[in-house]
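This report concerns only the one structure given below.
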Amino acid sequence: MMPELGKYAAEVISAYAVSLGLLVGLVVLSLRRNARLRDALRQVEDRQRKTNG
Amino acid sequence: MSFWEFANPKRFMQLSSRLLPWVAGLSLACLVVGLIWGFFFTPEDYRQGSTVKIIYLHVPAALMAINAWLMMLVASLVWIIRRHHVSALAARAAAPVGLTFTVIALITGAIWGQPMWGTWWAWDPRLTSFLILALFYMGYIAMWEAVENGDTAADLTSVLCLVGSVFAILSRYAVLFWNQGLHQGASLSLDKEENVADVFYLPLLVCIAGFVLMFLALVLLRTRTEIRARRLKALLNRERMA
């Protein structure tokens, strides 16, 4: 299934590995920070709702 | 519906929560199809060999590195003129995405350049202006982190964005201004002679669509995060004052 990349196989594969690694890392970090802040905000809003009745 | 409805954080959160799954799904579909098509099902170039497959990452990343900064420029101008917080937060949200695309363009360019030009790096006009653009992205992100007051940070980063736009535009047009550089002309052109060959063109277009949609999805997601962070900070301040 792997295409024949010839003498430039290392260059092509490393370009794909680095790029996809960076993109996946960015997506994961963005999702994690969003989830963390969503939970923190929900907690504070619930706490203030209880305090204010 | 007016465009300015997006300036209301509550309205933005509602609209973006509906849009985000579609944009993210389409982006993933385009990236998977475009990259698999480009990597597995396109031939080698008669001069570049298999390194031609790097264009499916390099060209869309470079294109979006510049366009991300231009989107930040528009959002910064909206902040400066109309003082809509969502626009300043959208610019802040776009910066790490733009930086990632710039780094991908620089790294993939270097990996391609080594076998094709015989060097990882040259102080070529386009490469140099791209490196400066990456430094502007880093400075922009650092300034947001360094300034405590959100409005002051938005003002200062907006000015930085205006200055950095010169390099974003230079990055785009450097190959036209100076002919002595190593970097070749644009891969996509309306001129059939200059455009990449048809066999590479369609998968490249799909990859570009994937990168554009990925940028949009990440900016929507990260702007939602920034709106939440701002509200959290305001609520915690209110608690402290009470």
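The values are calculated or read from the model by the stated rules, or taken from the named source; none is laboratory data. Please read all numbers here as calculations on a predicted model, not as lab measurements. Glycine also receives a Cβ, built like all others from the backbone with ideal geometry; neighbour counts cover every protein chain displayed.
Only a single criterion out of (1) out of contact with any Phe, Trp or Tyr (no Cβ under 7 Å at 6 or more places or on another chain); (2) within 15 Å of residue A:12 (Cβ to Cβ); (3) assigned to a helix (DSSP H, G or I) is not satisfied by residue B:16, namely (2). Residues in the stretch B:102-114: is at least one over 19 Å from residue A:22 (Cβ atoms), within 14 Å of another protein chain (Cβ to nearest Cβ), in contact with a helix residue (DSSP H, G or I) (Cβ under 9 Å, 6 or more places away or on another chain) and touching a residue at least 60 places away in the same chain (Cβ under 8 Å)? No - not one qualifying residue is present in the stretch B:102-114. The number of residues in the stretch B:81-104 that are more than 20 Å from residue B:211 (Cβ to Cβ) and part of a helix (DSSP H, G or I) comes to 8. Considering every residue within the stretch B:76-89, establish whether at least one is touching a His at 6+ places or on another chain (Cβ under 9 Å), more than 10 Å from every other protein chain (Cβ to nearest Cβ) and surrounded by 15 or more Cβ atoms within 10 Å (Cβ to Cβ). Within the stretch B:76-89, one or more residues are touching a His at 6+ places or on another chain (Cβ under 9 Å), more than 10 Å from every other protein chain (Cβ to nearest Cβ) and surrounded by 15 or more Cβ atoms within 10 Å (Cβ to Cβ).
Quick check on my filter: what residues within the stretch B:119-146 are aromatic (Phe, Trp, Tyr) and within 20 Å of the chain's Cα centre (by Cα)?
B:130, B:136, B:137, B:140, B:144, listed by residue number.
Hey, could you check the stretch B:1-53 for residues that are modelled with pLDDT of 90 or more, among the aromatic types (Phe, Trp, Tyr) and surrounded by fewer than 15 Cβ atoms within 10 Å (Cβ to Cβ) and say which is nearest to residue B:81 (Cα to Cα)? So the residue we want is B:22. Checking the structure you have, find out if any residue of the stretch A:8-18 is farther than 30 Å from residue B:49 by Cβ, free of Cβ contacts under 8 Å to residues at least 24 places away in the same chain and among the β-branched types (Val, Ile, Thr). The answer is no; no qualifying residue exists. Restricted to the stretch B:64-118, and to residues there that are among the hydroxyl-bearing types (Ser, Thr, Tyr) and more than 10 Å from the chain's Cα centre (by Cα), the residue that is nearest to residue A:28 (Cα to Cα) is B:108.
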